[in-house]
Amino acid sequence: MKAPATSANVGPGYDIFALTLHEPFDEFEITLTGEPGIAITIDNNSQNIPTDPNDNTAGLAAMELLRARSPETGVHIRIIKHMCSGGGLGTTGASCAAAVFGLDRLLGLNLSWNEMVDFARKGEVASGGSPHADNVAAALLGGFVLVKSYQPMDVLKLELPDFPVVLAAIKKSQRTTRGFITYEIGQEKLKEQMARCARVIHAIHTHDIEEFGKAISQDYIHEPVRGAAIPGYWETKKRIIDAGAFGCTVSGGGSSVIAFCSQELQPEIAAIMQEAFSTAPGFAQVFQTRTTNHGVREISS
């Protein structure tokens, strides 16, 4: 299987919006075994990602699913890494999604999408300490996802237009920045935040990438914290917008930066990001990619 990168929050939609990217992605092989328990191996594990199921997002998601639906089943999960972890690419969500999707197919559980999201999100606790659903939902369903409710779990997929994307993948220096985020933004900023969320949804329905870019370029909840942790973020964001990009913001939990622009402008925006961020600690790569409506999928060997 392959599970795609995702970009969560998408500007103003903190913990409720996410979208799916055509690339990069990680690959997964999931095999049922004769003995109960979960074993994990990781290829290209240059970042020392834990293989203990309790500390690995795929392992924890699989554990939650098996405990509820098939406690005597054993499973081996092989993860083939192509994405850097800890950089706002939704890699932990991709692992959770692949584990649950694969087990659903192998065990013939026929879980609904909402049931799969609910199991998969519990694996995120192993990474960020919070069972948030935005990344896992986008990795499972593809497209643009809106988390309508956590109790009960209810996610909505919107088909995305083909939006060109430039993304600078930068690994953050700490595991999570959630603890630094405040929700005390005041009445005026709260109204603006809500209005921008509505603009994002409207832009998707009307296939308006320019409006979409404007709507995602201002956030009062997570961008001030996560943007401050990215060297040169605010200056580079201004350069990207001035160069003609429709919008730019922090990707997911940071420290990656995502911009939306015309296809013709992708090389110029990529060059700006490369120049600005290539010397930053944790810099990995600049991707010229696009949005996709495909989530986790089975692939040929």
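Summary table
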read-out	value
Residue list for segment 1-30, restricted to those being of a type in the set (Asp, Glu) and at pLDDT 95 or above	Asp26, Glu27, Glu29
Residue in segment 204-214 that is within 21 Å of the chain's Cα centre (by Cα) and under 30 Å from Asp104 (Cβ atoms) present	yes
Residue in segment 209-221 that is among the acidic types (Asp, Glu) and buried (at least 20 other Cβ atoms within 10 Å of the Cβ) present	yes
Residue satisfying condition, being over 13 Å from the mean Cα position of the chain (by Cα) and farther than 22 Å from Ala229 by Cβ, within set Ala138, Ala198	Ala198
Residue among Leu103, Leu19, Leu89 that is over 30 Å from Ile201 (Cβ atoms) and buried (at least 24 other Cβ atoms within 10 Å of the Cβ)	Leu103
Whichever residue in segment 110-127 is buried (at least 20 other Cβ atoms within 10 Å of the Cβ) and at pLDDT below 95 and, among such residues, is nearest to Arg297 (Cα to Cα)	Glu124
Yes/no for Val166 being of a type outside the set (Asp, Glu), modelled with pLDDT of 95 or more and farther than 27 Å from Trp113 by Cβ	yes
Unique residue being touching a residue at least 60 places away in the same chain (Cβ under 8 Å) and farther than 30 Å from Ile269 by Cα when the list is Glu115, Glu124	Glu124
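Each row is one residue, and each column tells you yes or no for (1) charged (D, E, K, R); (2) in contact (Cβ under 8 Å) with a residue 40 or more places away in the chain; (3) touching an Asp or Glu at 6+ places or on another chain (Cβ under 9 Å); (4) not assigned by TED's automatic domain parsing to the domain that holds Lys214.
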residue	(1), (2), (3), (4)
Ala8	no, yes, yes, yes
Pro12	no, yes, yes, yes
Gly34	no, yes, no, yes
Ala39	no, no, no, yes
Asn48	no, no, no, yes
Asp55	yes, yes, no, yes
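Quick grid of which residues meet (1) more than 21 Å from Phe277 (Cβ to Cβ); (2) touching a Ser or Thr at 6+ places or on another chain (Cβ under 6 Å); (3) of a type outside the set (Lys, Arg):
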site	(1), (2), (3)
Pro161	yes, no, yes
Val165	no, yes, yes
Ser173	no, no, yes
Tyr183	yes, no, yes
His202	yes, no, yes
Ala228	no, no, yes
Glu235	no, no, yes
Asp242	no, no, yes
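The values are calculated or read from the model by the stated rules, or taken from the named source; none is laboratory data. Source: prediction; values computed, not measured. Positions of Cβ are backbone-derived with ideal geometry, glycine not excepted, and every protein chain shown enters the neighbour counts.
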